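Enquirer: Mind looking over this structure? Questions follow.
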Amino acid sequence: KEYGNTALYAEWSGPMNERVLTYSYKVKRKEVVVKEFPKSEPPLSREKFREYLKATSLGPVTGKVKETAERITKGKKTVLEKSRAIYDWIVKNMYRDSNIKGCGLGEVERLIEALGGKCGDIHSVYVALARSVGVPAREVFGIRIPKGKEGEMTKSQHCWAEFYLPGYGWVPVDPAAVRKAMLEKGCTEPEEIKDIVEYYFGAVDESRIAYGMGRDLTLNPPQKGGKLNYFMYPYAEADGKTLDDLFGFNLGYTISFKEK
């Protein structure tokens, strides 16, 4: 599975309050479970996966980020062991901060100190920590379909992460979903929802749709503004200028769903 960052461009004329565009898409949802881990790992080709080992503008892989990751993964030898150690550390130490706007910016150096954030924050930490100790990792950006047959999901954006296990493939992880479940259930320790902790290491539920990947993005076709931190919310330009911030909250859009 691969995800692109292709922008949908539209041009129109007339008064601003009459400019209404409607697009419909059909999606087929499917739970992803990837848990048949091999007992041994072949060597990892760092050259092949260099794109998933490098730093981003807000996710360094050196300094205190690397120091933190090395402390978390001390004594761990394999990619699987390191990936699980980082996952467990995030589940244990980070938390969902409902006061964060949107899904968060993903400022990793601040986050490993503050520890609180939304899914975009929590998974930026996972990816940066993993990359800093040689584990290829990436964020997947999309949206979650709420429960029910139909309704609105304008602010249901969600992201998760994947790491690459040599000889096996990309493995999804979602520690942010664990922290959200802990908040909703009033849990103080991950051990109280051990089944959920185990589920989200190697699986993601069928409620989500993926439509973007990575950070510091140039869209296709290229936007005239600067690179996007990530592509999970609408992006719009007028006369070559960005109309809104990362989250696009003031663009006047609605996302709805209907099961067929």
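The values are calculated or read from the model by the stated rules, or taken from the named source; none is laboratory data. All values derive from a computational prediction rather than experimental measurement. Glycine also receives a Cβ, built like all others from the backbone with ideal geometry; neighbour counts cover every protein chain displayed. Ligands, DNA and RNA are excluded from the accessible area calculation, which covers all protein heavy atoms including side chains. Shrake-Rupley method; radii C 1.70, N 1.55, O 1.52, S 1.80 Å.
Enquirer: With Ser83, Ser13, Ser24, Ser40 as the choices, which residue is among the polar types (S, T, N, Q) and either part of a helix (DSSP H, G or I) or at pLDDT 95 or above (or both)?
Expert: Ser83
Enquirer: Next question. With the condition kept exactly as written, say whether any residue in the range 180-203 is farther than 21 Å from Cys119 by Cα and assigned to a strand (DSSP E or B).
Expert: Among the residues of the range 180-203, not one is farther than 21 Å from Cys119 by Cα and assigned to a strand (DSSP E or B), which makes the answer no.
Enquirer: Filter the range 143-159 down to the residues that are within 13 Å of Gly102 (Cα to Cα) and part of a strand (DSSP E or B) and list them by number.
Expert: Correct list: Ile143, Gln157, His158, Cys159.
Enquirer: Kindly indicate the residue of the range 205-217 that is assigned to a loop (DSSP other than H, G, I, E, B), under 18 Å from Gly106 (Cα atoms) and not basic (Lys, Arg) and also most open to solvent (accessible area, probe 1.4 Å) among those meeting that condition.
Expert: Asp216
Enquirer: Are any residues in the range 59-68 more than 16 Å from Tyr164 (Cβ to Cβ) and either assigned to a loop (DSSP other than H, G, I, E, B) or open to solvent by less than 90 Å² (accessible area, probe 1.4 Å) (or both), and if so, which ones?
Expert: Gly59, Pro60, Thr62, Gly63, Lys64, Val65, Lys66, Thr68
Enquirer: Tell me which residues, restricted to the range 228-256, are out of contact with any strand residue (DSSP E or B) (no Cβ under 6 Å at 6 or more places or on another chain) and in contact (Cβ under 8 Å) with a residue 60 or more places away in the chain.
Expert: If the condition is that a residue be out of contact with any strand residue (DSSP E or B) (no Cβ under 6 Å at 6 or more places or on another chain) and in contact (Cβ under 8 Å) with a residue 60 or more places away in the chain, then Asn229, Tyr233, Tyr235, Leu246, Phe247, Phe249, Tyr253, Thr254, Ile255 are the ones that fit.
Enquirer: Here's a follow-up. Checking the condition open to solvent by 10 Å² or more (accessible area, probe 1.4 Å) and modelled with pLDDT of 95 or more, which residue from Ala137, Ala130, Ala114 passes?
Expert: Ala114 is the lone residue from the list that is open to solvent by 10 Å² or more (accessible area, probe 1.4 Å) and modelled with pLDDT of 95 or more.
Enquirer: Right, something else. May I ask you to list pairs of residues, at least six apart or on different chains, whose Cβ atoms are under 7 Å apart, with the first in the range 188-212 being more than 16 Å from Ala161 (Cβ to Cβ) and the second being assigned to a strand (DSSP E or B) and hydrophobic (A, V, I, L, M, F, W, C)?
Expert: What qualifies is Ile209/Ile143.
Enquirer: Moving to a separate point now. Report every pair of residues separated by at least 6 positions or lying on different chains whose Cβ atoms are under 9 Å apart, first residue within the range 83-100 and within 22 Å of Gln157 (Cβ to Cβ), second open to solvent by less than 10 Å² (accessible area, probe 1.4 Å) and assigned to a loop (DSSP other than H, G, I, E, B).
Expert: Asp97/Gly104
Enquirer: Name every residue in the range 219-260 that is outside any loop (DSSP other than H, G, I, E, B), open to solvent by 50 Å² or more (accessible area, probe 1.4 Å) and under 25 Å from Leu58 (Cβ atoms), in order of residue number.
Expert: Matches in the range 219-260: Asn220, Glu237, Lys241, Thr242.
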